[in-house]
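K.L.:
Structure incoming, see below.
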Amino acid sequence: MLKATSGAFAATLGLLAVLAFPACKTSPNEGEKGGSATTDSVAAAPAPVDTIKIKMAAMRRDSLKADSIAKKTGQLPGAILPGHRIVAFYGNIRSKGMGILGREPKEQMFRKFEGVLKEWQAADPSIPVQPALHNVTITAQGSAGKDGKWRLMNSSATIEEVISWAKEHKCILFLDVQPGHSTLQAELPKLEKYLKDPIIHLGIDPEFSLATMPGVRPNQKIGTLDAKDVNFTINFLARIVSENHLPPKVLTVHRFTRKMLSNYKNIKLDPRVQVVMHMDGHGDPTLKKDSYDAYIKAEPVQYTGFKLFYEYDARPKPHHIMTPSEVIALTPSPLYIQYQ
């Protein structure tokens, strides 16, 4: 069994109580023929309740409270980063071609994962390792589909199964989104019920975000997201954290080119969401390090991640899959590691 190191989740935030509005009463004679209405018997119509405005006000107050706590302690209670290093196996449990998660039989894969986690803990005993599964849950497709959005979501049965895998092996779980020709604004609400679980976090992939590229199929060109899309995602997760009294969520954003993310300086952080900019390129270790320096280190957001590919990083020889010690030596040292 893999040991969970994320600690007990403390409930620290909550929305304000719903405002109560007094009911209006009318005179028994109101509307009867011959009755005379008085100023005492005619009630004013109740003002419309703007529930969206109430929720937004509550969110702003929650944000201020979160900021205040984070300034005193460094982060909110239950935060995974920077006190842990997340090590994840990535893929889709229904696909052998998307990554190590799903490529091998379940128990064989978890035995391999156990060994990887031990390597990382031995390479840096100063920080506990948090095991994670990273399942591509909304996947870009090679055909448009009925609605022309070029993406498909896992069935509820598949999502529940990978959740059970994570809980069985004391892992946290990332649900990853490749929006195709849809948008994060349209796709993320489909995952909200799962994100209410404290062990479930989120990944978004600009490579397969093509809404601004009409007619382009996934894998024909590298897609893009803007800071406003990341901010939407941060606000979406922050609301879920507040409404459900959860510890902070971790959000991974894949990146291996400059154009995959525009206006990074406009990303607005929130202590309820821990943002990892994740170097997602494969190949020669020298090129991977250069990409990390150019697109992650040189354009910092918050925390950093680094991806290792079992199939692609070691080809052609003499290339090799970078060791934990080699990755740890990067500056800044990544706190999210993903194996595909």
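K.L.:
Assuming R0 = 22 Å, what is the FRET efficiency of S126 and K96, from their Cβ-Cβ distance, to the nearest 0.05? Don't jump to the answer; show the numbers that get you there.
P.N.:
On the way: r = 36 Å, r/R0 = 1.64.
Working from the Cβ atoms, E equals 0.05.
K.L.:
Related question: Give me a comma-separated list of calculated 3J(HN,Hα) values for the stretch 246-251, in order, Karplus coefficients 6.51, -1.76, 1.60 applied at θ = phi - 60°, integers in Hz, x for any Gly or Pro.
P.N.:
9, x, x, 8, 9, 10
K.L.:
Net charge near A132, counting Lys/Arg +1 and Asp/Glu -1 over other residues with Cβ under 11 Å of its Cβ?
P.N.:
Numbers: positive: R85, K170; negative: none.
Net local charge, A132 excluded: +2.
K.L.:
Counting other Cβ atoms within 10 Å of each Cβ, which trypsin sites (Lys or Arg not before Pro) in the stretch 262-315 have at most 14 and sit in a DSSP loop?
P.N.:
Values: sites: K265, K268, R272, K288, K289, K297, K307; in loops: K268, R272.
Taking the stretch 262-315 and a limit of 14 other Cβ atoms within 10 Å, the loop trypsin sites (Lys or Arg not before Pro) found are K268.
K.L.:
Residue by residue through the stretch 113-125, which ³J(HN,Hα) values in whole Hz follow from phi under the Karplus form 6.51 cos²θ - 1.76 cosθ + 1.60 (θ = phi - 60°), with glycine and proline marked x?
P.N.:
With coefficients 6.51, -1.76 and 1.60, one gets 4, 4, x, 4, 4, 5, 4, 5, 5, 5, 5, 8, x Hz.
K.L.:
With 31 Å as the limit, write out which pairs from K190/K307; K193/K297; K170/K190; K196/K307; K221/K268 have Cα-Cα distances beyond it, or answer none. List each step's numbers first, then the result.
P.N.:
Numbers: K190/K307 27 Å; K193/K297 34 Å; K170/K190 25 Å; K196/K307 27 Å; K221/K268 28 Å.
As for pairs spanning more than 31 Å Cα to Cα, those are K193/K297.
K.L.:
For a footprinting-style exposure proxy, rank H320, H278 by other Cβ within 10 Å, fewest first.
P.N.:
Numbers: H320 12, H278 26.
Exposure proxy ranking, most exposed first: H320, H278.
K.L.:
I need I328, I234 ordered by Cβ neighbour count within 10 Å, fewest first. Walk me through the numbers before you get to the answer.
P.N.:
Working: I328 18, I234 21.
In order of increasing Cβ crowding within 10 Å: I328, I234.
K.L.:
While we're looking at this one, here's another question. Evaluate the distance, in nm, between pseudo-label points positioned 7 Å from the Cα of L269 and of R111 along their respective Cα→Cβ axes.
P.N.:
It is 4.2 nm.
K.L.:
Once you order the gyration tensor axes a ≥ b ≥ c over the Cα atoms, which shape class does the stretch 85-339 get: rounded for a/c under 1.5, otherwise prolate or oblate by comparing a/b with b/c? All intermediate terms of the calculation are to be shown ahead of the outcome.
P.N.:
Values: a/c = 1.24, a/b = 1.16, b/c = 1.07.
The shape class here is rounded.
Taken together, the values in this text are just the output of simple stated rules run on the coordinates, not laboratory data. All values derive from a computational prediction rather than experimental measurement. Virtual Cβ from ideal backbone geometry, glycine too; neighbours counted across all protein chains shown.
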